[in-house]
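*Asks:* One structure is given below, represented as C-alpha cells, and several questions about it will come after.
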Amino acid sequence: MRICLTGGAGYIGSHILVGLLEDGHDVLVVDNFANSSPTCLQHIRQLTGKSFEFLEEDICNQPAISAAFSTFRPDIVIHCAGLKAVGESQKQPLRYYRTNVEGSINLLEAMDQAGCQRIIFSSSATVYGTPRYLPYDEAHPVAPANVYGRTKAMIEDIITDWVATDPGRSAALLRYFNPVGAHESGEIGEDPKGIPNNLVPYIADVATGMRAELSVFGNDYETRDGTGVRDYIHITDLADGHIAAMAYLGDHQGVEVFNLGTGEGSSVLEVVAAFRRASNQPVPYEIKPRRDGDIAEFFANPAKANDRLGWQATRTLDAMCADVWRWRSKYPRGFDV
Ligand code: UFG
C-alpha cells in the first residue's frame, strides 16, 4: 500500500515506520523535525535496509501537503504529527490548536484532493479526562481536562464528521495509553528535547547519570503504593496496533475508536524497580508534591482492539525497560550526540 505517515521521525511514528517498511509498503514520511531528528530516519534506513520518500514540511503548510499528496497518491494516511506536551499546551493554547487542529484539517483537505479516503489518527487516553470508572473503555465520556487533550478530542470529531460525508471513507481513532520502550535493536527510541516531561525518559536520564535523581510526584494517592498508576504499553506493541488498524480499515467503512493499552497499571515505584532490574543501575528518587493536573490512576480496557483488530499488547514492563536501556546505552544522548 501507499502510506503517508505524518510525524514519521518522532518517537511513535518512527516505530510505525519500521513496521511499515518491514511489511514492504511504500511510505511517504512528512515531518518538520519540530521535536525529532533527521538522524532517526538515517537509523531506520540502516536498520531496515529500505528506502522511503520524505518531505520536510509542517502540516500547517496546506499547499505543500496537497502538492505532495497529488504526486504520491496515498491509499491511507497515518497521522502522528502534532504537539504533545500537556503543560506547554496550557501556556500556548493557540499554537496547539493551530498545529494540531488546523494541521489535521489541512491533511483531510489534501486527502480529498488526492482522493484518499482512509486515515488512522494518533489520539490519546487523555481525551477521557477524570475517570468516571476504570478501566476506561471506548464508551467512557470524553471530557479532556487540558488543551492538548481538547485538540485530540476536536480532531476525533472533525475526522468523524469528514467520514460521515462519504460512505467510502473510513477512520480508526487510536487512543494511546502510555507508550514507553524502544525498538529491540536499540537503534531508535524516545529522544525528548530538553528536560523530559515523562517518567521513563527521566528515569533513563537518571540511570545513565545525566540527572541526579528522579522526582516522584506524590506518594499520597489512593493507589497500592501511593504513587500514580498508568498503563504503560511497549512502543512496538503500539506500532503493531497501527498495522492491525490498517488491515481493519481495508474491509470496514465508517469510524471506529480503539484503546491501545495493555489493560494493566503500574505505579511509579514499580516502574523504578523494573528499570533498576533492567539496567542494573541505581535510580535514586525523592518524593515531591503532586504534579498539577495529574490523575491518580488510569488504565485501558483494550477488549475492543483485542477482539476487532485481533491485536494484543504482549510485551512486559521488564521488556520495555530492557529495550529503553539498550537504546540509551548505545545512544546516551539520543540521536544528536
Ligand atoms: N512522574 C513522576 N516523575 C516524573 C515524571 C512523571 O513521578 O518526573 C509520574 C507522574 O506523576 C505520573 C506517572 O509518572 O504518575 C506518569 O507520568 P508521565 O508524564 O510519564 O505520563 P502521563 O500519564 O502524565 O502523560 C501521558 C502522556 C500525555 C497524555 C497522558 C494522558 O505523556 O501525552 O498520558 O493520556 F496526555
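The values are calculated or read from the model by the stated rules, or taken from the named source; none is laboratory data. Quantities reported herein were computed from a predicted structural model and do not represent experimental measurements. Cβ placement follows ideal geometry from the backbone for every residue including glycine, while neighbour counts extend to all protein chains displayed.
A quick yes/no check of all residues on (1) surrounded by fewer than 16 Cβ atoms within 10 Å (Cβ to Cβ); (2) in contact with a Pro (Cβ under 6 Å, 6 or more places away or on another chain); (3) on the phi > 0 side of the Ramachandran plot:
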| site | (1), (2), (3) |
| --- | --- |
| Ala247 | yes, no, no |
| His252 | yes, no, no |
| Val272 | no, no, no |
| Gly293 | yes, no, yes |
| Phe298 | no, yes, no |
| Pro302 | no, no, no |
| Gly310 | yes, no, yes |
| Leu317 | no, no, no |
| Gly334 | no, no, yes |
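*Asks:* Just name the residue that is nearest to the ligand (Cβ to nearest atom) out of those in the range 90-123 that are surrounded by fewer than 21 Cβ atoms within 10 Å (Cβ to Cβ) and either of a type in the set (D, E, K, R) or within 30 Å of Glu264 (Cβ to Cβ) (or both).
*Replies:* Gln90
*Asks:* If I filter the range 124-172 down to residues being more than 13 Å from the ligand (Cβ to nearest atom) and buried (at least 23 other Cβ atoms within 10 Å of the Cβ), which single residue comes out as farthest from Leu309 (Cα to Cα)?
*Replies:* Ile155
*Asks:* So in the range 179-202, with the set limited to residues that are among the small types (Gly, Ala, Ser) and at pLDDT 95 or above, which one is nearest to the ligand (Cβ to nearest atom)?
*Replies:* In this case the residue turns out to be Gly181.
*Asks:* If Ala207 meets every condition in (1) crowded, with 21+ Cβ neighbours inside 10 Å; (2) more than 30 Å from Cys116 (Cα to Cα); (3) within 9 Å of the ligand (Cβ to nearest atom) apart from one, which number is that one?
*Replies:* Just one mismatch for Ala207, condition (3).
*Asks:* So Thr130 passes all but one of these: (1) assigned to a loop (DSSP other than H, G, I, E, B); (2) within 23 Å of Gln253 (Cα to Cα); (3) of a type in the set (Ser, Thr, Tyr). Which condition number does it fail?
*Replies:* (2)
So that you can scan it fast, the table gives a plain yes or no per residue for (1) touching a residue at least 12 places away in the same chain (Cβ under 8 Å); (2) under 16 Å from His25 (Cβ atoms); (3) among the β-branched types (Val, Ile, Thr); (4) outside any helix (DSSP H, G or I):
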| position | (1), (2), (3), (4) |
| --- | --- |
| Gln42 | no, no, no, no |
| Lys50 | yes, yes, no, yes |
| Phe54 | yes, yes, no, yes |
| Ile59 | yes, no, yes, yes |
| Ala68 | yes, no, no, no |
| Thr71 | no, no, yes, no |
| Tyr97 | yes, no, no, no |
| Asn100 | yes, no, no, no |
| Asn106 | yes, no, no, no |
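*Asks:* Shifting gears a bit: Looking only at the range 222-249, which residues are under 23 Å from the mean Cα position of the chain (by Cα), among the small types (Gly, Ala, Ser) and either within 16 Å of the ligand (Cβ to nearest atom) or modelled with pLDDT under 95 (or both)?
*Replies:* Matches in the range 222-249: Gly228, Gly241.
*Asks:* Can I ask one more? Asp323 - would you say it is away from the ligand (no atom under 13 Å from the Cβ), crowded, with 20+ Cβ neighbours inside 10 Å, under 21 Å from Gly189 (Cβ atoms) and not aromatic (Phe, Trp, Tyr)?
*Replies:* When the stated conditions are applied, Asp323 passes them.
*Asks:* Return only the number of the condition from (1) surrounded by fewer than 18 Cβ atoms within 10 Å (Cβ to Cβ); (2) more than 16 Å from the chain's Cα centre (by Cα) that Phe33 does not satisfy.
*Replies:* Every listed condition holds for Phe33 apart from (2).
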